[in-house]
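What follows is a single structure, written as structure tokens, with notes after it.
FYI, it's all coordinate maths here, none of it is from the lab. Nothing here was measured: the structure is a model prediction, and the numbers come from that model. Note that we place each Cβ from the backbone using ideal geometry, even for glycine, and neighbour counts take in every protein chain shown.
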There are 2 protein chains.
Amino acid sequence: MQILKQKILQSGKIYPNNVLKVDSFLNHQVDVALLAELSKELFRLYKDSGVTKILTIETSGIMLACLTAQVFNVPMLYAKKTKTSNMSEDVFTAQVFSYTHYKEYTIYVSKEYLSSSDKVLLIDDFLANGFSMKGLVQLAQSAGATVVGAGVAIEKGFQGGGDILRSLGLRIEAMAIIDSMTEEGIIFRE
Amino acid sequence: MQILKQKILQSGKIYPNNVLKVDSFLNHQVDVALLAELSKELFRLYKDSGVTKILTIETSGIMLACLTAQVFNVPMLYAKKTKTSNMSEDVFTAQVFSYTHYKEYTIYVSKEYLSSSDKVLLIDDFLANGFSMKGLVQLAQSAGATVVGAGVAIEKGFQGGGDILRSLGLRIEAMAIIDSMTEEGIIFRE
């Protein structure tokens, strides 16, 4: 989407180790009006897929997931990174490797809220190496749910996770795909 | 709000140690349509306060904060519980005591996104002992911002945090205040 690409070019900052700092509008301070536009585009793309639930992972996927759930008029569900005391004992789990913290962690979803009758749309703010998205697919599959596809704000295409997941059959709609990100600038995939 | 009280009575589960499990609609699976109703009520209550920013704390306050920011048409900002690598070095911090984990932790907001010209509405899903809310007030005050008030979904009135903060001058609007929560049922404050 042009509106997101413009925002990335205006406000995004490139740091070493392929870090794109977009915390002025995406994952710290949040431009909710912009995300609402992305959620409408995701609705346009997935409106005929019979989506019954939006699934994301805490924390930074939650805002887009929440607004997308509102447009689809379905519940959202976020996988947790810690098993809180008031969480049901019966959980689906998946392992996710965090490149940022260089360790594997477990994500949890209560079995009460995901079932084989669900058609799930997976949402996240970023898709880079694809580890988080793979974890979400696994959670949904553990429940026997159908994954209709994924929607992300920014895909770092040069990190390859999105293309690997696509080759495995996952439909992924990224609102902006970055193919190259250097000191000379950002190049988006057409 | 009647709609929230009904939902709590229908779907909330009471556990030992004053735990109210509402993760079927508030903080794991999320009834976004319900939260959108709460956000509209918060807009009605605070629409004349000149709100420029919605401030919450990760994770479970984010959904209501996001929808409220949408209604007010202002950015939202969430305080982080870890200082991530792509966060600016210049941060406001506050200490928050977690009753759940029985330890104090630090919350962070980048100085770039909160200033003395901001009029801040604080949002959270729960208000119990008030420690998180106090941390948010401190963050806003560190920036010299004006706190116009707070909006929460569920206040556990019997835990007293809300009334202490009100006595210190903070305006708090809770969509449902629970005055008593026992095996015999839930009693709401009128």
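List of remarks:
- Once backbone amide H atoms are built at 1.01 Å from N, A:V91 has A:K111 as its partners under 5 Å, excluding neighbours fewer than 5 places away on the same chain.
- By DSSP, the beta bridges lying fully in the protein assembly as shown are antiparallel in about 45 percent of cases.
- Rounded to the nearest 20 debye, the dipole magnitude of the protein assembly as shown is 0 debye, with +1 charges on Lys and Arg beta carbons, -1 on Asp and Glu beta carbons, and the Cα centre as origin.
- Entry note, chain B: the mean residue ellipticity at 222 nm calculated from DSSP H runs of n ≥ 4, each adding -39500 (n - 2.57), is -9000 deg cm²/dmol after division by the residues and rounding to the nearest 500.
- Only Lys, Arg, Asp and Glu carry charge here, each on its Cβ (+1 for the first two, -1 for the last two); on that basis segment B:2-188 has a dipole of about 160 debye about its Cα centre.
- Label point 7 Å beyond Cα along the C-beta direction, distances from B:K47 to other copies (nm, shortest first): 2.8
- Derived scalar couplings ³J(HN,Hα) [segment A:162-170; Karplus, 6.51 cos²θ - 1.76 cosθ + 1.60; whole Hz; x for Gly, Pro]: x, 5, 4, 5, 4, 5, 8, x, 7
- Each residue of segment A:56-66 was assigned a 3J(HN,Hα) from its phi angle through the Karplus curve 6.51 cos²θ - 1.76 cosθ + 1.60 (θ = phi - 60°); the sequence is 9, 10, 5, 9, 6, x, 5, 5, 5, 4, 5 Hz, with glycine and proline shown as x.
- Once backbone amide H atoms are built at 1.01 Å from N, A:I177 has A:E155, A:R189 as its partners under 5 Å, excluding neighbours fewer than 5 places away on the same chain.
- Segment B:2-188: relative contact order in percent, alpha carbon pairs under 8 Å with at least 6 residues between: 18 percent
- Considering only segment B:2-188, percent of DSSP beta bridges that pair antiparallel, nearest 5: 45 percent
- Note: the protein assembly as shown, Cα convex hull, 137 Å³ per residue.
- Distances between placed amide hydrogens fall under 5 Å for A:R171 paired with A:A150, all partners being 5 or more residues away or on another chain.
- Fewest neighbouring Cβ atoms within 10 Å first, the residues A:I62, B:I178, B:I164 line up as B:I164, B:I178, A:I62.
- The Cα atoms of chain B give a gyration tensor whose axes a ≥ b ≥ c have a/c of 1.5 or more with a/b greater than b/c, which makes the shape prolate.
- For the segment A:70-78, counting C-beta atoms of other chains within 10 Å of every residue's C-beta and taking the mean gives 5.
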